[in-house]
1. Scan the range A:1-45 for residues that are of a type in the set (Gly, Ala, Ser) and assigned to a helix (DSSP H, G or I) and jot them down.
2. Working only within the range A:236-246, note down all residues that are touching a residue at least 12 places away in the same chain (Cβ under 8 Å) and surrounded by fewer than 23 Cβ atoms within 10 Å (Cβ to Cβ).
3. If A:Ser81 meets every condition in (1) within 29 Å of A:Thr146 (Cβ to Cβ); (2) touching a Pro at 6+ places or on another chain (Cβ under 9 Å); (3) in contact (Cβ under 8 Å) with a residue 12 or more places away in the chain apart from one, which number is that one?
4. Answer yes or no as to whether A:Thr59 is modelled with pLDDT under 95, buried (at least 21 other Cβ atoms within 10 Å of the Cβ), of a type in the set (Ser, Thr, Tyr) and within 30 Å of A:Leu139 (Cβ to Cβ).
5. Criterion first (farther than 20 Å from B:Lys131 by Cα, surrounded by 20 or more Cβ atoms within 10 Å (Cβ to Cβ), touching a Pro at 6+ places or on another chain (Cβ under 9 Å) and within 14 Å of another protein chain (Cβ to nearest Cβ)) does B:Leu3 satisfy it?
6. Can we say A:Ala69 is touching a Ser or Thr at 6+ places or on another chain (Cβ under 7 Å), farther than 16 Å from A:Ala201 by Cα and crowded, with 24+ Cβ neighbours inside 10 Å?
7. Given the range B:24-118, what helices (runs of 4 or more DSSP H) lie entirely inside it while holding 1 or more residues that are closer than 30 Å to B:Leu435 by Cα and more than 8 Å from chain A (Cβ to nearest Cβ)?
8. Only one of B:Gly290, B:Gly244, B:Gly278 is closer than 25 Å to B:Lys182 by Cα and either at pLDDT 90 or above or among the β-branched types (Val, Ile, Thr) (or both). Can you tell me which?
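The values are calculated or read from the model by the stated rules, or taken from the named source; none is laboratory data. Fair warning: this is a prediction, and the values are worked out from it, not measured in the lab. Reconstructed Cβ throughout: ideal geometry from the backbone, glycine too, with neighbour counts over all protein chains shown.
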Amino acid sequence: MLEVLHSLLFSTLDAAPALVFATLGAMLSERAGVVSVGVEGMMRTGAFCAAVAALAMPTPLAVLVGMVAGAGLAAVHGFLSIRWRSDQVVSGMALNLVAMAGGTFLLESLFGPNGTPAITQLSRWNVPTLAHVPLLGALVGHAAPTYLALLLPVLFHVLLTRTPLGLRLRAVGDKPHAVATLGLSVSGLRWAAVLGGGLMAGLGGAVLSTAVLDRFEQHTPAGLGFMALAAMVFGRWTPLGAFAAALFFAFGNALRIGLASSAPWLLELVPQGFLLALPYLLTLLVLALQGQRGHAPAALGTPYEQESR
Amino acid sequence: MSLEDASLDIVPGELLAVVGENGAGKSSLMNVLYGLYHPDAGTFLMDGKPVRLKSPRDAIARGIGMVHQHFMLVPTLTVAENVVLGREPTRRGLLDLDRACDEVAATAKRFGFQLDPRARVDTLTVGSQQKVEIVKALHRGAQVLILDEPTAVLTPQESDELAQVMRGLVQQGRTVVLISHKLKEVLGVADRVAVMRRGRTVAEVRASETTVSALASLMVGEGSRGAALTGVPVTSGADTALTGAVAPDAGTVSTGPIVLDAKDLRAKGDNGRPALQGVSLTVHAGEIVGIAGVDGNGQRELAEVLTGLRVLEGGAGTLLGGPLAGLTPAKAKARGVGHVPEDRLARAVVKAMTVEENVALGRHRQPPFARGPWVDFKGRRERTNQLLATYDVRPPDPTVALQALSGGNQQKVVVARELDADPKLLVVVQPTRGLDIGAVAQVHARLREAKARGAGVVMVSLDLEEVLALSDRVYVLYEGRVTGHFPRKDLDERELGRRMLGAEPDHG
């Protein structure tokens, strides 16, 4: 039993970072009032660019390239939704489709349909003496992103609730006109949040191809970006809530892998496809149970126009 | 933008009022002074030197503060957070909320406001929120404070308090610019009055040397534009609309048959909290029943219950011969309920459709709008033309999109449509919000007409003057309960105001 728990905890912590980063990124953008449906596309862009970059440079540097790439796609979203005030959901979905098709096209034309060549994974932090201690051992042996995923939610929490910038971001998501009448720049704040969100989503994608796998695969990130949106809603647009929700979904994922390996008889009862769908079913279930979206920032999705009140 | 050749002098240490009809350019001019809008031409001098305000930041830096008509507060933040937003005190890079609260409390105390810096803004009354706005400006060192229509949402008591606040600020050497269209109130508090009309400043007078009617005619323009347009003499329209004088009503209070008899109505608001907590009221044919109250005390929900738009959770009633429970908008319409909703663009019209299509909405299956299963284009055009002429809608063109009309003319179309159906019970909510004097007078005249024809009218209005001017009886709602019920002869502005704040009736 302990072994099962140990391995569940280990694989939860291994799978969580990508989802945590993407959820924090989406939350940052949405707290400032810009819908972040495009997070899936930003993750894919980050994952692809990081994997390609890792062929030519050290993997940690490649992760940074992935982050910048995610922010690059976010910049397109910012340009459409802040500068041109277009519909933010449509803009985000369009970016998802572009990233989907563009990723496939570049992958097939550069490397063939089976993914990029293998790259060096981010190194894992092994403490041999601890590794075999039950449960506690599950905390070691992960790559750096796992520990970053434990740290960043706290930093985001401090940023949003304890700093002037956080106060302004929250204000601009709830009532941009109030921010504008105080002489602050609505678009400046929103740009910062959207680009920051893009960096985080790019990081989430980069982690997928440099820590979870060792290459960019055809289907990366396979809907993880949408799961991040669900986690953001489930976490009520707060950093710590988002973290808890992302962990919960990662646990669902770990549960699937754990069930398949530790209880093979289950596969005879439950079709494999059903198990594969487990995390997504959890997502649906959680959203259905949570119901109303009463915690969303008030001005979410509304382009700011100075002369409208 | 709606300014052409507007000029304004502001003298330090005075209370200047700027008056004008809706759309006369008052708010636009103030937004220019505050750096939110940028003028195409013209100069702006401060202390004799030309100044360019690129953004509110510049205006704030030069000591100009503004309290907007629609409050610029973030409802989910606390009072202190709202006040310090943009110039937050920090300690080692982190927000120092304790210091913020102390600073805000100090500013509030200096100017004699009672405010809890740690209260969330959305828990405050409208009057307190306004104080937060004023403190916000003063906290930034405003020497000139612009208040845009500050009393539109206040009870008479809160308005009195605000007047004292404004006088107090002037005594402390600050300059106050008050935008308003309530002339009586303006004359009670201002030193000087500037009158705007169609984007121009047309007059500047000392408050002590003018009268309400003189100002009113300056506002609408000399001559009889109002009379010519509306068919209602300007003076009487202006009087009721502007001064709230309880005009002696020609028609005696008739008590026709009961059209609505409701007991102990209960309903939930949009937020799921109880909005109506036992409201009982009766409405007779041939009377206007006013529903007074501060915004958000259940008026909207009451109107929605009566028109079938909101589910009744408890209580019972009879509406035009049928039960009130289980009412749907279709049933309400079939029984003869007319509805002029608060937000016409959301609930009354389709703005992209033409005027005649909007007139036919809801009755599009009946003659003269339809013949059998087909649209009767000719009949619809004729009826629309008739209505546009009768109600003086401008332009009188049935084929333009409704959104091309001004707000006042859109409202006339809605009122025309609802009254044309000859309702037995008419539910109107804020029927004249945002309309200019001419349109206000006309809508009022139409409501009186409907009453004379024998309709029962339920009128929800946040504008106490409107309630006083039109109602035969008034119910006051406070937190979803009726806290006062007055026949016309007992109407008293002060007492209504007290009940609107939830005060108990005086004993003895």
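1. As a first pass, look at the range A:1-45 and keep what is of a type in the set (Gly, Ala, Ser): A:7, A:11, A:15-16, A:18, A:22, A:25-26, A:29, A:32-33, A:36, A:38, A:41.
The answer is A:Ser7, A:Ser11, A:Ala15, A:Ala16, A:Ala18, A:Ala22, A:Gly25, A:Ala26, A:Ser29, A:Gly41.
2. First pass over the range A:236-246, keeping only residues touching a residue at least 12 places away in the same chain (Cβ under 8 Å): A:236-240, A:242-243, A:245-246.
Correct list: A:Arg236, A:Trp237, A:Thr238, A:Leu240.
3. For A:Ser81, the exception is condition (1).
4. Details: modelled with pLDDT under 95: yes; buried (at least 21 other Cβ atoms within 10 Å of the Cβ): yes; of a type in the set (Ser, Thr, Tyr): yes; within 30 Å of A:Leu139 (Cβ to Cβ): yes.
Yes: the conditions hold for A:Thr59.
5. On the way: farther than 20 Å from B:Lys131 by Cα: yes; surrounded by 20 or more Cβ atoms within 10 Å (Cβ to Cβ): yes; touching a Pro at 6+ places or on another chain (Cβ under 9 Å): yes; within 14 Å of another protein chain (Cβ to nearest Cβ): yes.
The answer is yes for B:Leu3.
6. Details: touching a Ser or Thr at 6+ places or on another chain (Cβ under 7 Å): yes; farther than 16 Å from A:Ala201 by Cα: no; crowded, with 24+ Cβ neighbours inside 10 Å: yes.
In short, no.
7. Numbers: elements: B:26-33, B:56-61, B:79-84, B:97-110.
Those helices (runs of 4 or more DSSP H) span B:26-33.
8. Details: B:Gly244 fails: either at pLDDT 90 or above or among the β-branched types (Val, Ile, Thr) (or both); B:Gly278 fails: closer than 25 Å to B:Lys182 by Cα.
Only one candidate passes the filter, namely B:Gly290.
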